[in-house]
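The values are calculated or read from the model by the stated rules, or taken from the named source; none is laboratory data. As the structure is a computational prediction, the values presented were derived from the model and not from experiment. Using ideal geometry, Cβ is built from the backbone for each residue, glycine included, and neighbour counts are taken over all protein chains shown.
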Amino acid sequence: MLALSFLLFIGIVLVLAPPSHFASRVSAIFKQLGPIGTKTGLRPSVSVSRPLTTVAMAPQAFKKPPQAPPLFTGTSQSVIDDTKRIVEKSRSTEDKIVAAVKAQDATFENVMLPMAYDENDGGLETHIIGFYQSVSTNQELRDASTKAEEMMDDFSIESSMREDVYKLVEAALKKGEKLDAESQRLLEKVHKDYIRNGLGLPAGPKRDRFKEIKKRLSQLCIVFSKNLNEEIGGLWFDPKDLEGVPEDVLSLFAKGEGENAGKIKMTFKYPDIIPTTKYAKNPETRKTVYLANENKLPQNIPIFREVILLRDEAARLLGYPNHATFVIEDKMAKTPKTVDDFLGDLRTRLAKGGEKERKALTELKKKELTEMGMADSFDGRYYIWDNRYYDRLMLEQDYSLDQEKLAEWFPLETSIRGMLTIFETLFGMTFVEITGEDRGAISPSGKGDDIVWHPEVQVFSAWDSEDQGSGFVGYLYLDLHPREGKYGHAANFNIQPGFVQENGTRRYPVTALVCNFSKPTLKKPSLLKHSEVTTLFHELGHGIHDLVSKTHYSRFHGTNVVRDFVEAPSQMLENWCWTPSQLKALSHHYSSLSPEYEAAWRERAGEGAPKPEKQLPDKMIEDLIKTKHVNYAMFNLRQLHFGIFDMTVHEPKSHAEVESFHFSEMYNKLGYDVTQLDTPAQLGGGYDFGKPSSSTNIGVLLICYDRTRRNNLRSPPRGVRRWLLWLPF
Ligand SMILES: [Zn+2]
């Protein structure tokens, strides 16, 4: 597995790095292969004990980046004004090309290149303008950011429908000039996008309808995501109903007043809901949480329905049999059949394992209820809301895996330091954290606060290491804790793309990780569960992909690769989180961080408890590794449910069929068919559970690739957004 991952990974590096660069990066990787690949004992192959490099500590070459970081000083007024200006500039670029070039004279240089430069420059501002809606604490600015994105999307649609520009692009393509590979790809892709945007349709009612649909889809996706980001619901619980949930999770829940006096509030955000469903002993609590979470966004249900209907209509207008065919055509998979076969094959292969796992988990449930004196309440069923709880219990009981205890060795700060060190060693890079006055020294405004969007945000300059030439690579931002109005999952956002500027010099990229790890308390740092360590590594993988990418055009920068490839590098990097030597290297028990933490740990653990080893003990590492495939079939069946549902709703036989779909029922029934986890339907309630709002998790399901699939050159790609990390119960 590991060796294969490495081979594939090296393949990626070859794609990402230009010829002059890749040889050294690859050699840096090979240097690492020995200790990691051979797994001789658990000695750390990368030492992470040193502190993060700061500007003061950094060698002279790494002190002052050749490119200033961006400013995050936008206001609700400025983002709208800037968007108008950017849109106007793009429109006039197109107008000028049309005025100056006749079809017979069209070339890559006089048609494509001016638009590519305009797109490159636009991306330096538009990604930030759009980013505010996910991270700003200011509601007005978030709203303005959303509005600005709508304006950009509107322009994008207008521009993508320009027949005059399309004709010139087509003429340039037909000229058949000899171009470098990236330019050729740009020309072909842009041409194809015009066709996919309806310009292959004759002018008239069909094309007008298509344009109308595109506009509407863009609006719907924006509202859908906004609802999702700004969801602030939750449930008030009597603390006794949350028995079993760890105290430090509960201590962060809001305390009720008035009618909720004596109660505490669990929100639907990950740091609340995941531990609650994993640890709450009361089955009724788990059921209540599950159903409420499934129904938390009823306002998104009609949007979901309308989107699916419009996507189907649009695909048919273009002559595709359905939306799935339209979307998959330019992916690696090429056809829905490839995807369906793949999912079907997985389903068959996983079914047996899933059944076995479910049986064992049901047995565990029976045993636990009996021990709790609740044998009477066992109805022989294993419900969907039981799954996280018993999966966790099995890992603890049968595999001695105590996730909470394990987390004590993964404080957020040292874990990040360790991960950056791994990337430094692996890719021959150096990260320098920019703090305090050093921020002011590189800020274009002279104010250090202006180069971050929130005081908690960390900034790093990234460099090639000294033996790789000490060249500047770009900026990395980390925004790690939840706050109101912030994007609720974990994702990597491109803030500014990299590209080659008109004058031939390089523009360096800026990338950000936006995550929601629980905040540190006085008595404990923020501690990461192993799954969170994996998530962080995964997202950091996207961030590094974004940083080390070198393309001529921002269109292809970083994670702007085909969507069925984009996860590959990060998923392969996750293997590191299952490698004993790396786990050892990353770990650092929080009691060894400071005397205060040691005292707090002592208070918790009791006087007689032996002080934990600084690094994760070998036995615990072995226990953890053993769990890698526990309940693996069940986990993957849950993922398959989402994938098969996605294909089902986007692959109707006719438009009439999609109109007849009852999405909530389909979603819940398919979930049962695939996973065999009991739902309220098995109790005779029907698959439309959660009435009257009957929303089900569809409220969070839509992946708005309509927004991120930038169909036209005039609409700068705003970074790949992973709208979802699935939340499997
Ligand atoms: Zn990812």
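Being under 30 Å from ILE232 (Cα atoms) and surrounded by 16 or more Cβ atoms within 10 Å (Cβ to Cβ) is the filter here, so list the residues in segment 299-347 that pass it. Lay out the reasoning, then the answer.
Filtering segment 299-347 for residues under 30 Å from ILE232 (Cα atoms) gives 299-311.
ASN300, ILE301, ILE303, PHE304, ARG305, VAL307, ILE308, LEU309, LEU310, ARG311, listed by residue number.
What's the total number of residues in segment 479-519 that are closer than 30 Å to ASP248 by Cβ, away from the ligand (no atom under 16 Å from the Cβ) and touching a strand residue (DSSP E or B) at 6+ places or on another chain (Cβ under 6 Å)? Give the steps one after another, and end with the answer.
So in segment 479-519, the residues closer than 30 Å to ASP248 by Cβ come out as 479-493, 512-519.
Filter once more, keeping what is away from the ligand (no atom under 16 Å from the Cβ): 479-486, 517-519.
The next check asks that each one be touching a strand residue (DSSP E or B) at 6+ places or on another chain (Cβ under 6 Å); those that pass are 479.
So the count comes out to 1.
If only one of VAL700, VAL649 is at pLDDT 90 or above, on the phi < 0 side of the Ramachandran plot and buried (at least 21 other Cβ atoms within 10 Å of the Cβ), which one is it?
Numbers: VAL700 fails: at pLDDT 90 or above.
Being at pLDDT 90 or above, on the phi < 0 side of the Ramachandran plot and buried (at least 21 other Cβ atoms within 10 Å of the Cβ) holds for just one of VAL700, VAL649, which is VAL649.
Counting only residues that are in a loop (DSSP other than H, G, I, E, B) and more than 32 Å from the chain's Cα centre (by Cα), which one in segment 244-281 is surrounded by the most Cβ atoms within 10 Å (Cβ to Cβ)?
LYS263
In this structure, is GLY541 in contact with a Leu (Cβ under 7 Å, 6 or more places away or on another chain) and free of Cβ contacts under 8 Å to residues at least 40 places away in the same chain? Please lay out each step first, then the result.
On the way: in contact with a Leu (Cβ under 7 Å, 6 or more places away or on another chain): yes; free of Cβ contacts under 8 Å to residues at least 40 places away in the same chain: yes.
The answer is yes for GLY541.
Helices (runs of 4 or more DSSP H) wholly in segment 389-478 with at least 3 residues that are among the aliphatic types (A, V, I, L, M) and modelled with pLDDT under 95 - which ones?
412-427
Only residues in segment 182-200 that are within 15 Å of SER159 (Cα to Cα) count as the first member; pair them with residues that are crowded, with 22+ Cβ neighbours inside 10 Å and aliphatic (A, V, I, L, M), Cβ under 6 angstrom, at least 6 apart or cross-chain, and list the lot.
Every condition considered, the pairs that remain are VAL190/VAL169; VAL190/LEU713; HIS191/VAL169.
Which condition breaks for LYS653 when tested against (1) out of contact with any helix residue (DSSP H, G or I) (no Cβ under 8 Å at 6 or more places or on another chain); (2) part of a helix (DSSP H, G or I); (3) closer than 30 Å to TYR320 by Cβ; (4) of a type outside the set (Val, Ile, Thr)?
Single failed check for LYS653: (2).
Which of the residues spanning segment 597-619 are among the charged types (D, E, K, R) and either within 29 Å of TRP578 (Cα to Cα) or part of a helix (DSSP H, G or I) (or both)?
From segment 597-619, those among the charged types (D, E, K, R) are 598, 602-604, 607, 611, 613-614, 618-619; that's our starting set.
Answer for segment 597-619, where residues must be among the charged types (D, E, K, R) and either within 29 Å of TRP578 (Cα to Cα) or part of a helix (DSSP H, G or I) (or both): GLU598, ARG602, GLU603, ARG604, LYS611, GLU613, LYS614, ASP618, LYS619.
Hey, among the residues in segment 545-563 that are more than 12 Å from the ligand (Cβ to nearest atom) and part of a helix (DSSP H, G or I), which one's nearest to the chain's Cα centre (by Cα)?
Ranking the qualifying residues of segment 545-563, first place goes to LEU547.
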